[in-house]
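Before any comments, here is the structure.
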Amino acid sequence: MTLVFVAAEEREFDGLLKHLQQIEKPHWAVRFAARGSLDGRPVALVANGPGPALAKAAAEEAKKRLDGVD
């Protein structure tokens, strides 16, 4: 299972990105996406703009692209 973090803007992940290993930047239908591992656990970061509708779209895109999400 992949732990998914959702934000409005990429810069909100600046602190977290420093702690990820094996970072990949997949081409998903969102403004920003990154995958990697955090203490050995797979994580995905997605940002798609402000507001609940865009947050929902980002979460749904991650769910569509990943095998399992937490």
### Message
What's the number of the only condition in (1) in contact with a strand residue (DSSP E or B) (Cβ under 9 Å, 6 or more places away or on another chain); (2) exposed (fewer than 15 other Cβ atoms within 10 Å of the Cβ); (3) touching a residue at least 40 places away in the same chain (Cβ under 8 Å) that Thr2 fails to meet?
### Response
(2)
### Query
Residues in the stretch 29-57 that are under 18 Å from Met1 (Cβ atoms), out of contact with any Pro (no Cβ under 9 Å at 6 or more places or on another chain) and open to solvent by less than 80 Å² (accessible area, probe 1.4 Å): how many?
7
### Query
Got a sec? Which of Glu9, Glu24, Glu61 is surrounded by 15 or more Cβ atoms within 10 Å (Cβ to Cβ) and of a type in the set (Asp, Glu)?
Glu61
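The values are calculated or read from the model by the stated rules, or taken from the named source; none is laboratory data. Everything quoted here is computed from the prediction, not taken from an experiment. Every residue, glycine among them, receives a Cβ derived from its backbone with ideal geometry; neighbour counts consider all protein chains shown. Heavy atoms of the whole protein, side chains included, go into the accessibility calculation; ligands, DNA and RNA do not. Shrake-Rupley method; radii C 1.70, N 1.55, O 1.52, S 1.80 Å.
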